[in-house]
Amino acid sequence: QVQLVESGGGLVQAGGSLRLSCAASGIKFSIYAMNWYRQAPGKQRELVASMTSAGNTNYAGSVKGRFTVSRDNARNTVYLQMNSLKLEDTAVYYCHANRVGVTYWGQGTQVTVSS
């Protein structure tokens, strides 16, 4: 049974930082591309950051320079370090694993940025 479990969300003031974690089980974690998506109320889900199995990263323009994705294959965990948070970063953040069209989603974790 595949599980992706996010943690680390919460309420933070604008300008603050949070680190999200996503622990995977039931998959050979190291061969999957790992991604972070987010969905704000009334908006479509969008890709925030991704890291391939080889360690290559990509970021949405809105978070580039503020967010950093990393992974620890020994712990089957992917992280999203979020700095200089803005009000518009408020959303539910989802972990996503992808390999050759096989995808899995986590349940999401809420991030709320207040002024």
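Quick notes
- Carbon + sulfur, % of accessible area of the chain - ligands and nucleic acids excluded, 1.4 Å: 46
- Rounded, prolate or oblate (a/c below 1.5 giving rounded, otherwise prolate when a/b exceeds b/c) for region 61-110 by Cα gyration tensor: prolate
- Accessible surface ranking for Glu6, Glu46, Glu88, 1.4 angstrom probe, highest first: Glu88, Glu46, Glu6.
- On a per residue basis, region 1-80 carries 53 Å² of accessible surface, using protein heavy atoms and a 1.4 Å probe.
- Legend: P(r) of region 38-87 from all alpha carbon pair distances, 10 Å bins from 0, whole percents, reading 23, 50, 25, 3.
- Segments 14-20, 32-38 sorted - mean Cβ within 10 Å per residue, highest first: 32-38, 14-20
- Relative protection proxy for 97-108, 55-66, from highest mean packing down: 97-108, 55-66 (other beta-carbon atoms within 10 angstrom).
- Dipole magnitude for the chain: about 160 debye, using +1 per Lys or Arg Cβ and -1 per Asp or Glu Cβ, origin at the Cα centre.
- One quarter of the surface of the convex hull around the alpha-carbon atoms of the chain equals 6.8 nm², the direction-averaged projected area.
- Projecting the Cα atoms of Leu80, Gly101, Ala91 onto the charge dipole of region 60-103, computed from C-beta unit charges around the Cα centre, puts Gly101 farthest toward the positive end.
The values are calculated or read from the model by the stated rules, or taken from the named source; none is laboratory data. Computed from a predicted structure; not experimentally measured. Here Cβ is always computed from backbone atoms with ideal geometry, including for glycine, and neighbour counts include all displayed protein chains. The protein model used for the area step is the full one, side chains on, heavy atoms only, and it has no ligands, DNA or RNA in it. Shrake-Rupley method; radii C 1.70, N 1.55, O 1.52, S 1.80 Å.
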